[in-house]
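Below is one structure; the comments refer to it alone.
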Amino acid sequence: MINFKKELNKEQLRVVTEGDGPCLVLAGAGSGKTRAITYRVAYLLEHGVDPQNILLVTFTNKAAREMMDRVQELTGGETRLPWSGTFHHIGYRILKKYAPVLGFQNNFSVLDSEDSRDLLKICIKGEGIDRKQQRFPSPKVVQSILSYARNAEMTIHDVLELQHQSWLHLEDVLVSIAEEYTKRKKASNVMDFDDLLVYLHLLLLKSEDVRNKYAKQFQYVLVDEYQDTNKVQASIINLCASINKNILVVGDDAQSIYSFRAADIQNILSFEERYKQAKIFRLETNYRSTPEILNVANEVIANNTKQYEKELASVLDTFTKPEVHAFTDASEEAEFILNRILELRDEGVPLSEMAVLFRAAFHSQQLEMRLAKEGVSYDYRGGVRFFERAHVKDVLAYLKIFNNRQDAIAWSRVLNMQVGIGPVAAGKIVEVVGGVGRDQPVRSQELRSIGSVLSARGQVGWSDFLQIWESIENVENKIPSELIRAIIESKYQEYLENEYPDYRDRLQDLEQLAVYAERYMSLEDPTDAVSKFLAEATLQEGYNAKQAQENSGDDDKLILSTVHQAKGLEWSAVFVLNVSAGQFPNDRASHGDELEEERRLFYVAITRAKKYLYLTYTLVSSIRSLLQGPSQFIEEIDVDLVHKHSSSGDSNVFFDPSDDEDDVTYEPLEDNKPVRSFLKSIDEL
């Protein structure tokens with residue numbers, strides 16, 4: 001017998017013992033939600049509920065295994081929950097039995113993401129579209145559009161309006177591709193991952209017998225991370241609980257950060273509207289973070305209007321206040337973070353217990369450079385290291401052929417991006433170009449005549465390449481940063497949008513590359529500047545790869561991660577960098593629901609920290625050296641809750657309008673490096 005009163009706090013105990021009927025468990029960060037939901041399952045089993053009558057739904061296989069392990073540990077290792085797993089796992093089990101109702105056979109196969117893209121390629125070609133002859137969204141991008149539309153229950157038109165307005169003219173073609181894709185899947189007796197949800201939902205709506213069978217069987221329905229459900233998933237859960245009405249959903253609206261995956265925060269915010277008799281439980285006792293960190297977290301999230309109010313309280317002793325640091329630019333910011341990490345390591349905090357979090361991947365570039373040079377092992381989450389990213393390599397390849405016409409590898413890379421140009425055609429071009437003087441730069445006039453060696457469709461791609469090349473050639477001061485920006489603003493941007501769903505983030509990466517290149521400003525000999533820049537970039541790429549290989553078996557690594565990838569994790573020390581105006585929140589989320597989600601994202605970043613929290617920002621943006629200053633999220637924090645520092649190391653030197661003017665202490669201008677740099681930037685503008 002489990003001693004529930006002894007092993008749970010009062011908040012958790014109420015969930016476990018009073019969780020009958022519709023229940024919404026608002027589980028704050030670090031409040032032991034997994035403990036509450038697994039003990040609830042153990043409680044039901046101990047009170048005679050058959051495991052077959054419990055539906056426990058999670059979002060990841062890892063979470064499902066963790067919960068099952070805990071339940072088995074609590075019940076002596078004898079109990080298995082046959083209906084515990086992810087939404088997709090549950091959908092697969094039910095559909096295998098009832099597939100014929102939907103026109104499939106019981107032995108249907110499931111397509112993985114790559115298989116799905118391969119089938120979409122066939123459908124795209126079936127529409128008479130040859131991506132080797134004309135620009136058209138890649139199968140990966142088409143896949144993301146169709147997936148979002150299905151999971152958000154939106155039309156393709158609505159998704160294009162939201163994400164790709166420049167492609168609205170392709171709406172009819174994309175609709176036709178979607179219809180053909182659906183037909184081909186059914187003809188081949190296969191489903192993709194989205195189908196496992198969409199067809200389960202359709203089955204429960206279409207067949208009253210099937211719906212009633214499972215609604216009667218599942219006496220208790222429990223859902224983890226409910227704030228991350230999309231409309232289809234929420235509807236499936238409601239249908240499964242439609243008879244017994246014992247539905248317990250656990251989540252935290254303050255951590256709803258996945259709208260780009262079609263997660264709908266309204267599912268959790270409107271739960272009480274759907275279930276009028278719903279009980280609301282709050283888990284507000286935090287076992288992770290110090291009181292000082294939670295004070296900041298509570299202060300930040302209180303600014304959201306669409307939320308369930310919660311006040312996290314720590315069980316830990318008081319420690320040190322979080323710190324806010326201002327720096328002139330990203331290089332100073334990176335230097336501080338590196339030095340503080342090394343200090344913490346010397347004080348006994350393992351690297352693996354420290355994380356640097358950021359809103360967007362390109363924010364980490366300066367820090368990556370410093371870590372690499374210092375030889376600090378790190379593990380990059382949420383993507384690949386900066387100089388290893390495909391689009392960064394693309395742009396470097398353009399600069400390489402600008403610098404060295406003989407570079408066949410770089411030529412091959414840029415040419416194979418173009419429609420109608422494959423390896424054979426690329427080889428012909430490289431042969432012709434390489435036949436001219438080695439030291440002569442490549443000229444557009446010369447390149448136009450080369451197109452004659454290509455087929456008619458190859459000349460389409462060659463024309464696109466020439467437009468990019470002419471953008472490079474037209475740069476007045478051919479220094480690396482300006483050449484990179486010319487490529488960014490050329491037809492290459494169209495290529496990125498066609499190929500990648502996250503093309504906007506990739507463009508920001510490339511702007512960061514241009515910023516990095518600004519240190520190579522030798523106007524007397526631009527070619528020399530380009531050569532030096534390429535050498536340094538290549539060395540960085542090789543050094544990072546070598547470091548990653550050498551440290552592959554090292555468990556003590558610093559973590560670099562986007563905030564999205566960090567959700568659910570925790571570290572003793574957390575640095576959140578570039579919490580700057582226009583950067584965090586993202587400049588595309590200036591108001592309304594988008595701004596509130598950005599604030600939730602910041603809240604998630606803060607609540608990853610257990611003992612030490614550092615929030616940093618720069619006075620001058622690395623993007624075109626624009627003035628920026630602190631994010632509005634920083635300004636929303638009461639100055640008494642944090643220690644504020646300038647890059648000179650002095651604390652609490654920033655003017656606070658709430659202070660009495662007579663008590664304000666101003667730092668001497670000559671000693672204030674950020675202010676001097678700030679004023680210098682104004683003069684330059």
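Stick to Cα atoms and the Kirkwood definition of Rh, then tell me Rg/Rh for segment 87-182.
1.02
Which order do you get for ARG448, ARG608, ARG381, ARG288 if you rank them by accessible area with a 1.4 Å probe, largest at the top?
ARG448, ARG381, ARG288, ARG608
If you count, for each residue, the other Cβ atoms within 10 Å and average over each peptide, how do 117-123, 207-213 line up from highest to lowest?
Ranking, from highest mean packing down: 117-123, 207-213.
Given points 7 Å out from each Cα along the Cα-Cβ axis, report the ASP346 to GLN467 separation in nanometres with one decimal.
Computed distance between label sites ASP346 and GLN467 equals 5.6 nm.
Using 0.36 nm per residue of separation minus the Cα-Cα distance, give me the extension gain between MET1 and THR305 in nm, one decimal.
105.1 nm
List every DSSP H helix in the chain whose Cα atoms extend 27 Å or more along the helix's own long axis and whose mean Kyte-Doolittle hydropathy is at least -1.0.
526-550
Which of the following values of Rg and Dmax of the Cα atoms in Å was calculated from the structure shown: (i) 28.1, 86; (ii) 28.5, 98; (iii) 24.7, 75?
(i)
Multiplying the sequence separation of GLU284 and HIS169 by 0.36 nm and subtracting their Cα-Cα distance, what value in nm do you get?
Between GLU284 and HIS169, full extension yields 36.5 nm more.
Give me the accessible area per residue for the chain, probe 1.4 Å, as a whole number in Å².
On a per-residue basis, the chain sits at 44 Å².
Please list, by residue number, everything in segment 575-612 whose backbone N is under 17 Å from a paramagnetic label point 7 Å out along Cα→Cβ of PHE319.
Of the residues in segment 575-612, 575-576, 604-612 have backbone N under 17 Å from the label point off PHE319.
Calculated FRET efficiency, LYS97 and LYS186, Cβ-Cβ r, R0 25 Å, to nearest 0.05?
Computed FRET efficiency for LYS97 and LYS186 comes out at 0.90.
With labels modelled as points extended 7 Å from the Cα through the Cβ direction, what inter-label distance (nm, one decimal) is found for LYS121 paired with ARG261?
Here the answer is 2.7 nm between the modelled labels.
Which FRET efficiency, nearest 0.05, do MET521 and ILE409 yield, Cβ-Cβ r, R0 35 Å?
So, using R0 = 35 Å, E works out to roughly 0.80.
For the pair VAL639 and HIS89, what calculated FRET efficiency results from E = 1/(1 + (r/R0)^6), where r is the Cβ-Cβ distance and R0 = 56 Å, to the nearest 0.05?
E(calc), rounded to 0.05, equals 0.70.
Quick one: pull the percent of accessible area on segment 319-395 belonging to carbon and sulfur, 1.4 Å probe, ligands and nucleic acids left out.
On segment 319-395, the fraction of accessible area on carbon and sulfur atoms equals 44 percent.
The values are calculated or read from the model by the stated rules, or taken from the named source; none is laboratory data. Just so it is clear, the model here is predicted, and its values are computed rather than measured. A quick note on method: Cβ atoms are made from the backbone with ideal geometry, for glycine too, and the neighbour counts reach across all protein chains shown. For the accessible areas, the whole protein counts, side chains as well, though only heavy atoms, and no ligand, DNA or RNA atoms are used. Shrake-Rupley method; radii C 1.70, N 1.55, O 1.52, S 1.80 Å.
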